[in-house]
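Read-outs throughout are calculated quantities, based only on the coordinates presented, and are distinct from any laboratory measurement. Because the structure is a prediction, the values reported are computed rather than measured. Every residue, glycine as well, gets a Cβ built from its backbone with ideal geometry; the counts of neighbours run over all protein chains shown.
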Amino acid sequence: MQESQPAKTIRTRPTVRLNAKLEKRLFAYAAAGSAAGVGMLALAQPAEGRVIYTKAHQQIASGTTLHLDLNQDGVTDFNLRNTYFATGTPGTVVGTLSVFPAGQGNRIWGHTAFKQGYASALYAGIRVGPKGRFLAGAGIMADTALRASSCRGPWGNVSNRYLGFKFVIKGQAHFGWARLNVTCSHGTLSPLLTGYAYETIADRQILTGKERGTDESDNSPSAASSGTLGRLAQGAGRTQQDR
């Protein structure tokens, strides 16, 4: 008869309980970190917008209208009209350059003086966005008379200035710009469109003159998420010191 082998003793390690306060903090950090990570994943699809720029070299002759399609979807967004007409005074001819919104909700950056709207001739680097100063309708850019050697208005004899735009794509507001040179003399205006651009993300501002990339200085959702993770990391560091 075989002798029975002695039973093996299984040793278990004792469970170590962390400090209750520390456990609570670690759990909170883990939960917040998971939520931030899920939020960043959810925002990853639409977060990266970009500026779409179109180079141009198009003269707007007297008596013609340029139909500007900022996002090139086949729909005119704004009309730039160079008119040339005779006034009631014999021998007096006046040329006027104006810009008109072509769609409902489209707006032009400008100001009103003496009950007349004027389109602003913006410098490069101006932020065109939700806080812009937009007209409710059309805006005069410049005008000149036959007997005048110069022209009046914000766009009188300027180079590399910008129109600021707000326009609607599929029910959402987008922002853009158009760059022009304008010369005028003795009743004739010679506007030249040299380029235009818009931001693909709705309600995101664009800098006049910016031809690529995004405006990284704005408070985007991705930046907010990065800040949240940074604060979590700082909190974890403090927890290690507390231990």
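Modelled label positions at D73 and D203, each set 7 Å beyond Cα in the direction of Cβ, lie 1.7 nm from each other.
Between R147 and Y84, the C-beta separation translates, for a Förster distance of 22 Å, into a calculated FRET efficiency of about 0.90.
Footprinting exposure proxy ranking of K166, K115, fewest other C-beta atoms within 10 angstrom first, gives K115, K166.
For the stretch 101-181, the ratio of Cα radius of gyration to the globular rule of thumb 2.2 N^0.38 Å stands at 1.16.
In the P(r) worked out for the stretch 53-207, what percent of Cα pairs fall beyond 18 Å? Tail of P(r) above 18 Å: 55 percent of Cα pairs. Here the label points at A124 and E211, each 7 Å from Cα along the C-beta direction, are separated by 0.9 nm in the simple model. Counting beta carbons within 10 Å around each of R147, R161 and listing the fewest first gives the order R147, R161.
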